[in-house]
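Here is the structure we will look at.
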Amino acid sequence: MDWGSVAGLIIAIAGLVLGQTLEGGHLKSLMQPAAFMVVMLGTIGAVLLQSELKLFLKGLRMLRWVFVHPEDDRHKLAQRINQWSQQARKESVLSLESHIKREKDPFVRKGLQLLVDGTPADRIREVCAIDMYYFEVQERDAAKIWSAAGGYAPTVGIIGAVLGLIHVMENLSDPAKIGSGIAVAFVATIYGVALANLVFLPIANKLKGHIQHEISRREMLLNAWVSIARGDNPKLVSERLEAYLRLRES
């Protein structure tokens, strides 16, 4: 569990609530279901119009990464890579075939299969780099739904405020309703701006960080496979891995 994300969300909401209370306002005035529905449904509709459905759904599934980090198997992976390197040096790359079925990650299996097939180092880099490129494009496109939501939400909030003001203008004959009606109208703007800057955009940036870590993990694997294919000393392979491990820890 990423308690920093949980704490950040709680602090952001608490700031809005406390600010409203300290100014003498009522929390009831911030709870407007109609304004919330206008902002949320309007934003979701705009993002869906912009994105493919499969990318939209994938972006929603990625939300769990904000609060529960993906498993970081980098250290265990480094140990396995060292094992592959030493085994390939002592025996041959053909001996790595037994490791392919043990791996669950398709990318890992693909790299090991290329090694076993005797693929030249440059060709391994080329094939895996293409795979990594399309992986990164798909992941970033899915994460973009949150940055898109952060861009649309404030504008949809303004639309909600205008709709509320139209409702106020329709009731000018009743002065008692004008003040409260205007206050309710601007709640939609608060929802739009708050959701964009306190929720959607932070989520998008968090997901970008997780995607970058996964790309770094794949780069670590790719460089290791290239080194093994070239017949580099296992000690040299291990030293290169240390740089990637330090990058993750930082």
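In table form, for the structure just shown:
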| item | result |
| --- | --- |
| Span-rule helices in the chain, defined as complete DSSP H runs reaching 18 Å or more along the axis (Cα) with Kyte mean at least -0.5 | 3-22, 33-50, 121-169, 178-195, 201-230 |
| Accessible solvent surface per residue of segment 1-141, calculated while the other protein chains remain in place, 1.4 angstrom probe, Å² | 65 |
| Å² of accessible area per residue within segment 161-231, as computed with a 1.4 Å probe and no ligands counted | 48 |
| Two-site label geometry, residue 11 and residue 127: point separation in nm, points 7 Å out along Cα→Cβ | 4.8 |
| Potential lengthening between residue 101 and residue 205 on full extension [0.36 nm per residue; Cα-Cα distance subtracted] | 33.9 nm |
| Convex hull projection area averaged over all views, segment 95-134, Cα basis, nm² | 2.7 |
| All-pairs alpha carbon distance profile, the chain, 10 Å steps from 0, percent | 7, 23, 23, 17, 13, 9, 6, 2, 1, 0 |
| Over 19 Å between alpha carbons, listed pairs 101/208; 76/104; 58/208; 76/235 | 101/208 |
| Protein accessible area in segment 140-221, 1.4 Å probe - carbon and sulfur % | 69 |
| Computed [θ] at 222 nm, deg cm²/dmol, the chain (DSSP H ≥ 4; -39,500 (n - 2.57); rounded to nearest 500) | -26500 deg cm²/dmol |
| Carbon/sulfur fraction of accessible area - segment 1-136, other protein chains in place, 1.4 Å, % | 63 |
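The values are calculated or read from the model by the stated rules, or taken from the named source; none is laboratory data. It should be emphasised that the depicted structure is a prediction, and the values quoted were computed from it without experimental measurement. Don't worry about glycine lacking a Cβ; one is built from the backbone with ideal geometry, like all the others, and counts go over all protein chains shown. Heavy atoms of the whole protein, side chains included, go into the accessibility calculation; ligands, DNA and RNA do not. Shrake-Rupley method; radii C 1.70, N 1.55, O 1.52, S 1.80 Å.
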